[in-house]
Each structure stands twice: as structure tokens, then as C-alpha cells.
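A short write-up of the structure that comes next.
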Amino acid sequence: MQSNFGLRHVILTIALALAPTPALAVDEALLPRNLSPWGMFLGADIVVKTVMIGLALASLATWTVWLAKTIELRRKGALALQRTRALEGNIKLTEAAERAGDAHDAVAQLIRSCAKEAELSGGVLDDGLQERVALRLERVEAAMSRQIARGTGVLATIGATAPFVGLFGTVWGIMNAFIGISESHTTSLAVVAPGIAEALLATALGLVAAIPAVVIYNHLVRGIANYRALLGDASAQLMLLVSRQRDHREFRLARAAE
């Protein structure tokens, strides 16, 4: 009888040793089964999900602006360089205007604006004409510069705000982690891990959106500055063209008087 009692005691002791403790049972129940980025997104709070979606859309907008502006700068820059080189030859203002036609690129608009002012001046090539042409060219340059820079402000905004948006998601995820600790009355890692994982994912997405936006913005600013320099060269060539025509006409008038 005593041997049976002793055997039962040993079996009960082994069973209790092998059985999971209540804390371990809680851990197994609360521990998320999928800690991949997609799994963390699906298990995140609605506020953290909103932050993640917003940062993903911001990153998409960054790369879209980069692609569109890169293509635009290359196309317009090549055309501006081609037209500027054409102005360096022995060409008259009327001929340059005919070549520009009805094109809508920046240098073509500079040429048409210059020719329009010459036409309104009645063909009188004097110092006043050069001043008026310079004023017109300056206004066209400013308008074209604003047009080519359109859209880059989005990159500056994303680069400046995305880290703080990600930080908001981080704070919210940590708040959820502490709330989970309070409700479960345990400091187990299984309770803290999901909220911390969501917080770190929001931070990572904020950096993924902000870093490329800043780099791309600086790259586009340099490209826009080069494009503006091309427009300045084109304006200078037009001013030289007007000056040459003026000097040539004065030379012809002096020869006729002789």
C-alpha cells in the first residue's frame, strides 16, 4: 500500500514538473505566430496601420516624382541645349522665331517673346529695346523655372515629416505594449513583443520614406539649377543677337550716309 502511494507521489511530481506553468501558458497564447512585416501590419492597431499606409503612399509618391521629373529634365534640358547652340551661329531674330514655330519649350518661348518685343517696337533697335527684351526674358525664365520645379515641394515635405509620422506610430505601438502589460498583469516578452514590433516597423517605414525623399530632392534641385543655367545661356544669346543686329544696322546706315 505504501509502495503504491510512493509510486503515485513520484508520478504526480513528474507530471507537475512537466506541465506548463500558467505564465508559460499565457506566453504561448499571446505570442504572435507571424512576426513578418506583413504579419505585423495585419496585427497592428488601426492607428498604426493608418500610419504605415500613409508612409507607404508617401514613398510611392517620392519615386513617382523622381521618375517623372528625371524624364522631364532630360527631355527639356536636351531641347534647350539644342536650341541654344543654334542661336550661337550666324542667325537673325526673325529666322530664329521661324525655327521655333509654335513649340512650347522654354527656349522657344524666350525666342518668341524677344521677337514679339522687337515687332512691337516697330523694328527700332535701340537701348530701350534691349532693356525691354531683357525684362521680357527675365519674366519668361522665372515662369519656366517655376514650372520645372513644380512637384519637388512634395519631396521636401515628405523628407521633413515622414520621420515624425513614423515616430508617432512608434509611440502608439509602445503605448499598446504597456497597455497589454497592464491588462495581463505580467511583464512577459510575449505581451510586450507585438507592440514593440509594430512600433519598430512604423519607425522603419518612416525612414524608408524620408531618406530617399531627401536624396532625390537634392538631386532634382541640382538638375533644376542646371536647367536654369541653360535658360540663362539662351537669354544671353538672344541679347547678343539683338545687339549684333543693332550694330549691323547702324553700320549699314553709316555706310549709306557716306
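The values are calculated or read from the model by the stated rules, or taken from the named source; none is laboratory data. Because the structure is predicted, anything quoted here is derived from the model rather than measured. Here Cβ is always computed from backbone atoms with ideal geometry, including for glycine, and neighbour counts include all displayed protein chains. Heavy atoms of the whole protein, side chains included, go into the accessibility calculation; ligands, DNA and RNA do not. Shrake-Rupley method; radii C 1.70, N 1.55, O 1.52, S 1.80 Å.
Counting only helices (runs of 4 or more DSSP H) wholly contained in the range 1-113, the ones carrying 2 or more residues that are within 20 Å of Leu207 (Cα to Cα), at pLDDT 85 or above and aromatic (Phe, Trp, Tyr) occupy 46-87.
Looking across the range 110-154 at every residue that is at positive phi and either out of contact with any helix residue (DSSP H, G or I) (no Cβ under 7 Å at 6 or more places or on another chain) or aliphatic (A, V, I, L, M) (or both), the one that is surrounded by the fewest Cβ atoms within 10 Å (Cβ to Cβ) is identified as Gly122.
Going by the structure shown, is Thr157 modelled with pLDDT of 90 or more, open to solvent by 50 Å² or more (accessible area, probe 1.4 Å) and under 27 Å from Gly223 (Cα atoms)? Criteria met by Thr157.
Condition test on Leu253, is it of a type in the set (A, V, I, L, M, F, W, C), at pLDDT 85 or above and under 24 Å from Ala118 (Cα atoms)? Considered against the rule, which asks whether it is of a type in the set (A, V, I, L, M, F, W, C), at pLDDT 85 or above and under 24 Å from Ala118 (Cα atoms), Leu253 comes out as no. Figure legend. Inter-residue proximity from the range 170-190: first residues farther than 21 Å from Ala204 by Cβ and of a type in the set (D, E, K, R), second residues modelled with pLDDT under 70 and part of a helix (DSSP H, G or I), beta-carbon distance below 9 Å, spacing 6+ or different chains. Indicated pairs: Glu183/Val191. Looking only at the range 51-68, filter to residues that are touching a helix residue (DSSP H, G or I) at 6+ places or on another chain (Cβ under 9 Å) and of a type in the set (Gly, Ala, Ser); which one of those is surrounded by the most Cβ atoms within 10 Å (Cβ to Cβ)? Looking at the filtered set, the residue picked out is Ala58. When the test is whether a residue is farther than 18 Å from Ile224 by Cβ and among the polar types (S, T, N, Q), Gln147 does not pass it. Counting only residues that are open to solvent by less than 40 Å² (accessible area, probe 1.4 Å) and either among the hydroxyl-bearing types (Ser, Thr, Tyr) or at pLDDT 75 or above (or both), the range 185-194 holds 2 of them.
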